[in-house]
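*Asks:* Next up is a structure, given as structure tokens.
The values are calculated or read from the model by the stated rules, or taken from the named source; none is laboratory data. As the structure is a computational prediction, the values presented were derived from the model and not from experiment. Cβ sites come from the backbone with ideal geometry, for glycine too, and all protein chains shown count toward neighbours.
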Amino acid sequence: MITEPIHLALFEEDQINEAAEAISILRSQGVPDRNISVISGVPLSEHILGRPMSWSRVGLIGLAGAVAGFLAALAITYLPVLIYPLNVGRMPVFPIPTTLVVVFELTMLGLLISTLLGVFVETITPSYGPHGYDPRIAHGKIGILFTCPPEVDCESYDQLVALGAELTHNLQERKLWP
Amino acid sequence: MAAETSYLTGARADLEQSELAEEHLMLDPRPREEMNQMVMEAMTTTTPVYWAWVGGLALIVAVCLFGVWGYMTATGIGITGIRRPVFWGVFIVTFVFWIGISHAGTFVSAILRVFKAEFRRPFTRAAELMTTFGLAGGAMYPLIHLGRVWTFYYMVPYPNARWLWPNMRSPLVWDFLAITTYLLSSTIYLYLPLIPDLAMARDRTTGLRHRIYRLLALGWRGTEAEWHRLRKAINIFAFAIIPVMFSVHTIVSWDFAVGVVAGWHSTIFGPYFIIGAILSGVAAVVTILFVLRSAMRNFKYFIRPEHFDALGKLLLVFSMAWAYFFFNEYLLSWYGGEEAVQRILTLHATGPSAWVWYLMLICNVAIPWLTLWNRRIRRNPLAMFFITLAINVGMYAERYTIIPLTLGHQRMPFDWGIYNPSIFEISIAIGTMAMFCLLYLLASRAIPLIPVWEVQEGQMAHSLKKVGKAHVPSVTELE
């Protein structure tokens, strides 16, 4: 849990290079990556801003859902026949081709629904790093949220301002949105 | 002299660049704030004409769809034109039509996303919305067709009082599963890329709207982790929803093809139906884009002739593919030599309802082939509107030919008959069309129809590159 004041350096939408430079400056001042968070109105990949790779378990959760869907499909197609075997002349009791359709649909349904669930789960999972928001992010601005650990001297904000940043302090005191 | 030449070169370059900007949305960037404002303005502006349309369509839905359906339920399905030998009529034709229409959302959004076709960016959401509402319209038809709608739960597979366990592998269950899977996944696929735009709407609204957008935006702030997660989820969807899309219409075609009905028992029905669905769906996207461009404020900036041009090329290709599959299906069925099939094919072309068959060929082949090769026509939104309307009329005629016109002339000549749809069936079909338009109209004022962040992302990636003496558009890989 971050207790230090949260600062926001806001850059214009076309100042991607300056934002990347600002992150380098903060890092050189001793601010660790976990104390920096970038918010933006368009996806800016990690390699553009020189940030460590984010991770997500959405894919894994999706895969688990696909397996669950697959098993559910096997259960609903084979269990009724096991419970109530219906023998029809020259027809297999466990026909595979017709089962494949059901197995495919339920596997895909499991995959897709659990991918959405994965997004929900990760959204409500507490995240590390400084929290804060500015509605101008939705207008395309790039924001760098950061906190300065006590052992780091973060007073030299001039370098960020020189890059064109608009600085806001003590974001932790603000509500995210009204 | 040298200075004059350089001045001329500079002026020509400026002209070239302004022409390119006018032509391509991706080369004509505006500040994000302005684009947000344009989309929000379109979303929150309602005129008396808008409310007149909403009222008119709501009335049609109430009377033609729910009123007539209620009357049919109370009176009995005998008021329709379906009777021996044709038990599948306008209801099933319209069901297949709507399921087909719904394919374009996935096609335009997912396939073009996978292949990184940049022109897709401003209209993916319009297409995805069409999928959801098209499916909602289509999904009503199994219930409507049932007649005794209060016994709908008989269709749900569950162990019944006679201890008979349901057959989970029957085509009815395939249909149920395929449509449910597609409806759920396409709705989620509509929702996921919408989250950043809902957050934008959240930040620009107050009151009830604000509270709804805030709830739907899931606390979106635009952090790296959120974008990463969203990208990953969208990618999973884009790849996974394509085979689901193919499976849905294949399964709809198998509703026909797994039987031994003459004219339906064809191995090519799966791909033939899919191509038809994509053709009708892409045509419907163009129709809707024309309406949006004409009716929604500021949409002329986002939807440009270049988009009609690109979709027109796709339509031409799919029209040719449809003709290829149609010819394959027709020729091989004919040379199979089965008397009943030959008779049906002859009747399609020469019988009392032959006009439907010719209408299908004129609308699906002649009109697109004669017009869409021409760049000027493809870039004319009004012309494209009429061409795409004609294609969908043709696709409806195709389904009509396949279903009631084929069922009316099966193997037993004593059991032949001509199907005449009743006013009630036609009314319900019109009612679902009105419902689709009404839902779209209401949604146009509830959610941002342009994915602004995707447009801005595209504009960031595009630039003009000087090659020799010309400036050419170039795209940078940002992901």
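*Asks:* Of the conditions (1) among the small types (G, A, S); (2) within 20 Å of B:A283 (Cβ to Cβ); (3) modelled with pLDDT under 95, B:A470 fails just one. Which one is it?
*Replies:* (2)
*Asks:* Still on this structure, I have one more. Determine whether the stretch A:52-73 contains at least one residue that is in contact with a strand residue (DSSP E or B) (Cβ under 9 Å, 6 or more places away or on another chain) and not in a loop (DSSP other than H, G, I, E, B).
*Replies:* No, the stretch A:52-73 contains no residue that is in contact with a strand residue (DSSP E or B) (Cβ under 9 Å, 6 or more places away or on another chain) and not in a loop (DSSP other than H, G, I, E, B).
*Asks:* Could I ask something else about it? Being at the interface with another protein chain (Cβ under 8 Å from one of its Cβ atoms), surrounded by 19 or more Cβ atoms within 10 Å (Cβ to Cβ) and closer than 21 Å to B:M40 by Cβ is the filter here, so list the residues in the stretch B:205-229 that pass it.
*Replies:* Once the filter is applied, which keeps residues that are at the interface with another protein chain (Cβ under 8 Å from one of its Cβ atoms), surrounded by 19 or more Cβ atoms within 10 Å (Cβ to Cβ) and closer than 21 Å to B:M40 by Cβ, the stretch B:205-229 yields B:R214, B:R221, B:G222.
*Asks:* So which of B:A240, B:A257 ends up being at pLDDT 90 or above, surrounded by fewer than 22 Cβ atoms within 10 Å (Cβ to Cβ) and either at the interface with another protein chain (Cβ under 9 Å from one of its Cβ atoms) or under 17 Å from A:V102 (Cβ atoms) (or both)?
*Replies:* B:A240
*Asks:* Go through the stretch B:26-42 and give me each residue that's in a loop (DSSP other than H, G, I, E, B), of a type in the set (K, R) and at the interface with chain A (Cβ under 9 Å from one of its Cβ atoms).
*Replies:* Of everything in the stretch B:26-42, nothing turns out to be in a loop (DSSP other than H, G, I, E, B), of a type in the set (K, R) and at the interface with chain A (Cβ under 9 Å from one of its Cβ atoms).
*Asks:* Just a yes or no: is a residue in the stretch A:39-51 in contact with a Leu (Cβ under 7 Å, 6 or more places away or on another chain), at pLDDT 90 or above, closer than 30 Å to B:P171 by Cα and not basic (K, R)?
*Replies:* So far as the stretch A:39-51 goes, no, none of its residues is in contact with a Leu (Cβ under 7 Å, 6 or more places away or on another chain), at pLDDT 90 or above, closer than 30 Å to B:P171 by Cα and not basic (K, R).
*Asks:* Among A:L86, A:L74, A:L106, A:L111, which is the only one that is over 17 Å from A:V31 (Cα atoms), surrounded by fewer than 20 Cβ atoms within 10 Å (Cβ to Cβ) and within 10 Å of chain B (Cβ to nearest Cβ)?
*Replies:* Of A:L86, A:L74, A:L106, A:L111, the one residue that is over 17 Å from A:V31 (Cα atoms), surrounded by fewer than 20 Cβ atoms within 10 Å (Cβ to Cβ) and within 10 Å of chain B (Cβ to nearest Cβ) is A:L86.
For (1) modelled with pLDDT under 90; (2) not in a helix (DSSP H, G or I), each residue gets a yes or a no:
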site: B:R113; (1), (2): yes, no
site: B:A126; (1), (2): no, no
site: B:L129; (1), (2): no, no
site: B:P142; (1), (2): yes, no
site: B:F152; (1), (2): yes, no
site: B:R169; (1), (2): yes, yes
site: B:D175; (1), (2): yes, no
site: B:I179; (1), (2): yes, no
site: B:Y189; (1), (2): no, no
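*Asks:* Follow-up. For the stretch B:254-365, please list each of the helices (runs of 4 or more DSSP H) lying entirely inside it that holds at least 3 residues being among the hydroxyl-bearing types (S, T, Y).
*Replies:* Here the list reads B:269-295, B:305-336.
*Asks:* Exactly one of (1) within 11 Å of chain B (Cβ to nearest Cβ); (2) in a loop (DSSP other than H, G, I, E, B); (3) touching a Phe, Trp or Tyr at 6+ places or on another chain (Cβ under 9 Å) is unmet by A:V31. Its number?
*Replies:* In the conditions (1) within 11 Å of chain B (Cβ to nearest Cβ); (2) in a loop (DSSP other than H, G, I, E, B); (3) touching a Phe, Trp or Tyr at 6+ places or on another chain (Cβ under 9 Å), A:V31 misses (1) alone.
*Asks:* Condition (residue is at the interface with chain B (Cβ under 9 Å from one of its Cβ atoms), modelled with pLDDT of 80 or more, part of a helix (DSSP H, G or I) and at negative phi) applied to the stretch A:143-151: is it met by at least one residue?
*Replies:* Checked the stretch A:143-151: no residue is at the interface with chain B (Cβ under 9 Å from one of its Cβ atoms), modelled with pLDDT of 80 or more, part of a helix (DSSP H, G or I) and at negative phi.
*Asks:* Name the single residue that is nearest to B:T132 (Cα to Cα) among those in the stretch B:187-196 being touching a Phe, Trp or Tyr at 6+ places or on another chain (Cβ under 9 Å) and either surrounded by fewer than 24 Cβ atoms within 10 Å (Cβ to Cβ) or more than 9 Å from chain A (Cβ to nearest Cβ) (or both).
*Replies:* Per the criteria, the residue is B:I188.
*Asks:* Quick one: would you say B:L442 is surrounded by 22 or more Cβ atoms within 10 Å (Cβ to Cβ) and aliphatic (A, V, I, L, M)?
*Replies:* When the stated conditions are applied, B:L442 does not pass them.
*Asks:* Identify all residues within the stretch B:351-385 that are touching a residue at least 40 places away in the same chain (Cβ under 8 Å), under 23 Å from B:R399 (Cα atoms) and of a type in the set (F, W, Y); write none if there are none.
*Replies:* Correct list: B:W357, B:W369, B:F385.
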